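These notes concern the structure reproduced below.
No value in this document is a laboratory result; all are computed from the given coordinates. Just so you know, these numbers come straight off a predicted model, no measurement behind them. Cβ placement follows ideal geometry from the backbone for every residue including glycine, while neighbour counts extend to all protein chains displayed.
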């Protein structure tokens, strides 16, 4: 696996234009070793074009990118990178196993890797079935298996749950988490906020070809707040401000919205009750990544990707 380094993938000022159309507009990315990195944005935002540049499939109009310390698309980078871009393509009447054997020969990979990767993606018992017999979820998993044949340090997956039913999405998310636990660096592009929130360590949000945010999921969500129903509410505010426990306290309709560390919840309630304040409800309120996405991209809620 990758020796310790500051960044496995680094892009600076990546631009891709097609005539007058700007598909990717000065994108900066930093992906660290061993993390599952989410690339989040609506369809047409520039995710796939950016990934293609990182893999050397598309030449940037300007800017630079390195993968594993060498220029993106160079042979030494591709030897240690596996990818699935815009869905897998295999021979429909060959079995899953034979399709992988064909890919392995082209890549110079020992045939013994085929059964190993089928096991990894949980297709070992269906490896003898033809690709045409596979469900969409199985086809996606076979695509991931092909990406893993070279035992890569970096795995790039472009919308791997696209078109899957809920069970297939669950299986693919579990597989992505498993790849991360193996120590691989994974880039996962998606337009599904819930998917990124569940499996990624950090996320870049792209809109209209530009990166508008890059951070951990928790930092983007801004942590959590506490909703407390207390009477008398004015007394509750005074007590909490005097205690110095929460970072902030404000009225939110009939309730109090309190910003504080989760570990301080019990002490906050204890302080209020000891001061003679009646506490009838305590609820932790977590912002979803979807809410943050619409805020930072200026998309109104309910607009489809």
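Here are the numbers:
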| quantity | calculated |
| --- | --- |
| Separation of alpha-carbon centers, segment 229-275 and segment 100-125, rounded to whole Å | 58 |
| Residue of 116, 231, 218 that the Gaussian network model of the chain assigns the largest fluctuation, springs spanning Cα pairs under 10 Å | 231 |
| Residue order, fewest to most beta carbons within 10 Å, for 102, 39 | 102, 39 |
| Expected 222 nm ellipticity per residue - DSSP helices of 4 or more, -39500 (n - 2.57), all of the chain, to 500 | -10000 deg cm²/dmol |
| Entry for semi-axes √(5λ) of the Cα gyration tensor in Å (calculated from the structure that is shown) out of (1) 44, 23, 18; (2) 38, 24, 16; (3) 32, 27, 16 | (1) |
| Along principal axes, Cα extents of segment 224-286, largest first, whole Å | 27, 22, 17 |
| Sorted by Cβ neighbour density within 10 Å, fewest at the top, the residues 173, 59 | 59, 173 |
| Using alpha-carbon coordinates, inclination of helix 136-148 to the longest axis of the chain, degrees | 70 |
| Residues 134, 18, 37, 91, sorted so that the one with the fewest Cβ neighbours within 10 Å comes first | 18, 91, 134, 37 |
| Shape category assigned to segment 119-254 from the gyration tensor of Cα positions, a/c cut at 1.5 | prolate |
